[in-house]
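What follows is calculated from the coordinates using simple rules that are stated; it is not laboratory data. Computed from a predicted structure; not experimentally measured. Cβ coordinates were reconstructed from backbone atoms using ideal geometry, including for glycine residues, and neighbour counts include every protein chain displayed.
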Protein chains: 4
Amino acid sequence: MEFDNEIPIYLQIMAMIKTDLVIGKILKGDKLLSTRDMAVALKVNPNTIARVYRELESESICFTKRGMGTFITEDESKIESLKEQLVDDYLSQFMKKMEQLNYSIGDIITKLKRFEEATHE
Amino acid sequence: MEFDNEIPIYLQIMAMIKTDLVIGKILKGDKLLSTRDMAVALKVNPNTIARVYRELESESICFTKRGMGTFITEDESKIESLKEQLVDDYLSQFMKKMEQLNYSIGDIITKLKRFEEATHE
Amino acid sequence: MEFDNEIPIYLQIMAMIKTDLVIGKILKGDKLLSTRDMAVALKVNPNTIARVYRELESESICFTKRGMGTFITEDESKIESLKEQLVDDYLSQFMKKMEQLNYSIGDIITKLKRFEEATHE
Amino acid sequence: MEFDNEIPIYLQIMAMIKTDLVIGKILKGDKLLSTRDMAVALKVNPNTIARVYRELESESICFTKRGMGTFITEDESKIESLKEQLVDDYLSQFMKKMEQLNYSIGDIITKLKRFEEATHE
DNA sequence: GTGGTCTAGACCACA
DNA sequence: GTGGTCTAGACCACT
């Protein structure tokens, strides 16, 4: 995995895990890689992974069983709300910027449709 | 102006100026506020503004006349391409994230339309 | 190291690093001194070094690993082209001035040869 | 005339006048344009020209007759030594940089000859 | 310990 | 009055 140098690595990894969770690549209750293994897998400092897990834990997305590892929450509604939150965040951030540029929702939809057609060719 | 604590101030100011340029609030050839005045206006250190102007200059968005001030480029095509680039950047960043979440363009358009209707009520 | 008061220190340091790179005193992938250490070594403010590294990075001559330091690019062709560019810059600047003084290349070569002989004595 | 933004305009104008003098485009005793006219001709601030004349005067290259204008020195040996000084300055600056890059005089001559042949084609 | 950012304040060259 | 550079010192995020 390549990281964007502008954004803290731990945030990028957090986003990755959240995305995997939302799209079902990771399921509730799944055990996450140990910090050490994850660090090796992502070629990253173990401390960085430790921070990722700590932050995710503080968001109740995962939890730690002493001596056993870190696990995704069993709370399905948490995952569901995560999905909505993630999408809404992305959407509102995007809309805010586009509005600053005087783009209406209609303009954006037009632009997206052109995007879609271009892809279909 | 309020700054997002997560993003370097100088980047936020750069984005602000670019946006102003794209929506025509600033025009080609316009003189920008002096570093000192801009610093006062934004309640920021003059050095920070100096960096903003320096970086914008390295992007050919503005240029400096020694002892006279900093001016927006006279090159209209530069501004035009800036506009496209800005929108495309926002759009592609957004699309990338949404695709990672398995949203199709159609899904997004649907979501946007619902957004639009909600606003019209 | 002594600095020429006429030229910004950060430019002089950049030129020094480029020269070291070109003559093989620094090699690709090498870690540069930390900003603080380099600042101490050159008796200069750390901010000045930070600027040097930032500018060199924008020229793709070095890159930064978060929290780990600043490193010379691994791209050997970059270094190769830097060497050529540096020499060609020096040469063309020199030639331009000499031509303005109505010196032909032949004249210059003659002058250089006299220089060489003088040195050999 | 276009100015290099990196070098003070007054220095560039000084170099221009010196060059004109050395190549005989300006002769000893010649009257220089008035600061105002020169400023208009070069699209530059009159203060800048005033500084140019002041500096040239301090180098004994020109002198001022009250109410009559600024004139090139009548001292021919001054002009002669200026020529040598200018060339030697350019040469030694160039040589110093090339030596830092481990180029010998022989290398430079080789490079120059290739330059010459390329031009003759 | 690493670089990145920011502030405060100073001095300089230029127009 | 304009930007450019530099110092000093601080805080922060990341490894």
Exercise for the section: Could you check the simple spin-label distance between B:Asn102 and D:Glu6, using points 7 Å along Cα→Cβ, in nm with one decimal? Expected result: 5.5 nm
Problem - Debye, to nearest 20: dipole size of the range C:9-74, +1 on Lys, Arg Cβ, -1 on Asp, Glu Cβ - result: 160 debye
Practice task
Pull out a ≥ b ≥ c, the square roots of the eigenvalues of the alpha-carbon gyration tensor of chain D, then state rounded if a/c is under 1.5, prolate if not and a/b is larger than b/c, and oblate in the remaining case.
Solution key: prolate
Fill in the blank from the handout: Averaged over all viewing directions, the convex hull of the alpha carbons in the range D:77-120 casts a projected area in nm² of 4.0 nm²
Problem - D:Arg36 versus B:Leu27: modelled label distance in nm, points set 7 Å from Cα along the beta carbon direction - result: 3.2 nm
Exercise for the section: Could you check which residue among A:Glu59, A:Glu76, A:Glu99 shows the biggest mean-square fluctuation in a GNM of chain A with a 10 Å Cα cutoff? Expected result: A:Glu99
Practice task
Between copies, how far apart are the B:Asp107 label points? List them in nm, one decimal, shortest first, with each point 7 Å from Cα toward Cβ, please?
Solution key: 2.7, 6.0, 7.4
Handout entry: Summed side-chain charge close to C:Pro46 - residues other than C:Pro46 whose Cβ falls under 14 Å, Lys, Arg +1, Asp, Glu -1
Key = +3
Fill in the blank from the handout: Charge tally for neighbours of D:Glu74 with beta carbon under 11 Å away, counting Lys, Arg as +1 and Asp, Glu as -1, is -1
Fill in the blank from the handout: Hydrodynamic radius by Kirkwood for the range A:1-63, inverse mean 1/r across distinct Cα pairs, in Å, is 12.0 Å
Problem - Local electrostatic count at B:Lys25 - Lys and Arg +1, Asp and Glu -1, tallied over other residues with Cβ under 13 Å - result: +1
Practice task
Name the nearest-to-axis residue of chain D, judged by Cβ distance to the rotation axis taking chain D onto chain B, and quote that distance in whole Å.
Solution key: D:Asn47, 4
Exercise for the section: Please count, across the range B:9-74, the pairs of lysine residues with Cα atoms under 16 Å apart that sit 8 or more places apart or on different chains. Expected result: 4
Fill in the blank from the handout: Honestly the protein assembly as shown on the Cα gyration tensor test (a ≥ b ≥ c root eigenvalues; a/c under 1.5 rounded, otherwise a/b vs b/c for prolate or oblate) is just prolate
Exercise for the section: Select from D:Thr70, D:Leu86, D:Ile26 the residue farthest towards the positive end of the dipole of the range D:1-88; place +1 on Cβ of Lys and Arg, -1 on Cβ of Asp and Glu, and compute about the Cα centre. Expected result: D:Thr70
Practice task
Rounded to the nearest 500, what is the 222 nm mean residue ellipticity of chain A from helices alone, with -39500 (n - 2.57) per DSSP H run of 4+ residues and division by all residues?
Solution key: -20500 deg cm²/dmol
